[in-house]
Amino acid sequence: MTSNAFKLGVLASGRGTNLQSIIDHTESGSLAARIAVILSDREDAGALERGRRHGIESRFVDPKAFPDKRAYNAELVSILQSRAVDLVCLAGYMRIVREPFFEAFPNRIVNIHPSLLPAFPGLDVQQKAIDYGVKFSGCTVHYVNEDVDSGPIILQAVVPVEDTDDAETLAARILEQEHIIYPRAIQWIVDKKIRIDHRRVVRAES
Ligand code: GRF
């Protein structure tokens, strides 16, 4: 892949299966981008291990080494900018992204969330979907703005909730769809196929 390829920066705190899906799609060529850097707030994040296995720069940045959240976010932004990242992808990143992220990457930060937003923002959402009794849940790729899980929606996939589901079985079925729609949504952005019209993401005119 040439050095002028569309560059992704991935932020992850956990096991990194969505990261893995993005890696696999970039390696197979079905996603025309490359991951320039993976950053984590957790030294033990499986995501870092996955990145290293694929020869991708994968760094733990310790939040405790910074005086406050802004300073921490500024450090992440500075690393991402120094790698000329075009799009920041949150993939199981457990911190709230704050300034200076939005001034550095306006409409250039995306996230995957395991519910059909705006239903069930926040944490433990598969359990919340079961407890509420919805018959369908799913996942959402959305732009990230200042409010948690509230940015313009790019793509969603619907997953049925079965009577026999617990949070674990539902999460697993939703995760399969996450791995499909996240790389697809990123490819739309790479291809400039979409634009934001107020809070609606619509097909860009070619
Ligand atoms: C996924 O369910 C994602 O939707 C949510 O956090 C989880 C991350 O899983 N934001 P993984 O680390 O990608 O496996």
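Scan segment 158-179 and tell me whether some residue there is surrounded by 14 or more Cβ atoms within 10 Å (Cβ to Cβ), hydrophobic (A, V, I, L, M, F, W, C) and farther than 16 Å from residue 125 by Cβ. Scanning segment 158-179 turns up no residue that is surrounded by 14 or more Cβ atoms within 10 Å (Cβ to Cβ), hydrophobic (A, V, I, L, M, F, W, C) and farther than 16 Å from residue 125 by Cβ. The set of residues in segment 102-122 being surrounded by 15 or more Cβ atoms within 10 Å (Cβ to Cβ) and over 29 Å from residue 176 (Cα atoms) consists of 102, 104. Go through the residues of segment 99-106 one by one and say whether even a single one is assigned to a helix (DSSP H, G or I) and of a type in the set (Asp, Glu). Yes: one or more hits. Residues of segment 64-94 that are in contact with a Leu (Cβ under 8 Å, 6 or more places away or on another chain) and of a type in the set (D, E, K, R): 86 alone.
Taking segment 1-68 and the strands (runs of 3 or more DSSP E) fully enclosed by it, the elements with 2 or more residues that are crowded, with 18+ Cβ neighbours inside 10 Å and within 16 Å of the ligand (Cβ to nearest atom) are at 7-11, 34-40.
Give segment 1-19 a look and list any residue that's touching a residue at least 40 places away in the same chain (Cβ under 8 Å) and of a type outside the set (Val, Ile, Thr), or say none. The answer is 6, 7, 8, 9, 11, 12, 13, 14, 15, 16, 18, 19.
When residue 82 is tested against (1) within 11 Å of the ligand (Cβ to nearest atom); (2) more than 22 Å from residue 167 (Cα to Cα), exactly one condition is not met: (1).
Would you be able to say whether some residue in segment 71-78 is hydrophobic (A, V, I, L, M, F, W, C) and either within 16 Å of the ligand (Cβ to nearest atom) or at pLDDT below 95 (or both)?
Checked segment 71-78: no residue is hydrophobic (A, V, I, L, M, F, W, C) and either within 16 Å of the ligand (Cβ to nearest atom) or at pLDDT below 95 (or both).
Cβ separations smaller than 8 Å between residues 6+ apart or across chains give the following pairs from segment 91-113 residues that are small (Gly, Ala, Ser) to residues that are part of a loop (DSSP other than H, G, I, E, B) and crowded, with 17+ Cβ neighbours inside 10 Å: 91/12; 91/16; 92/12; 92/13; 92/14; 92/16. Scan segment 106-150 residue by residue and report those that are more than 15 Å from the ligand (Cβ to nearest atom) and of a type in the set (D, E, K, R). Those that are more than 15 Å from the ligand (Cβ to nearest atom) and of a type in the set (D, E, K, R): 108, 131, 135, 146, 147. Strands (runs of 3 or more DSSP E) fully within segment 116-206 that include at least 2 residues being free of Cβ contacts under 8 Å to residues at least 60 places away in the same chain and closer than 20 Å to residue 33 by Cα: 136-143, 153-160, 194-197.
Residues are listed down the side, and each one gets a yes or a no for (1) of a type outside the set (Val, Ile, Thr); (2) within 19 Å of residue 111 (Cα to Cα); (3) in contact with a Lys or Arg (Cβ under 8 Å, 6 or more places away or on another chain):
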{"residue": "51", "(1), (2), (3)": "yes, yes, no"}
{"residue": "62", "(1), (2), (3)": "yes, no, no"}
{"residue": "65", "(1), (2), (3)": "yes, no, no"}
{"residue": "73", "(1), (2), (3)": "yes, yes, yes"}
{"residue": "77", "(1), (2), (3)": "no, yes, no"}
{"residue": "85", "(1), (2), (3)": "no, yes, yes"}
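The values are calculated or read from the model by the stated rules, or taken from the named source; none is laboratory data. This is a predicted model, so every value here is computed, not measured. In this analysis, Cβ positions are derived from the backbone assuming ideal geometry, glycine residues included, and neighbour counts consider all displayed protein chains.
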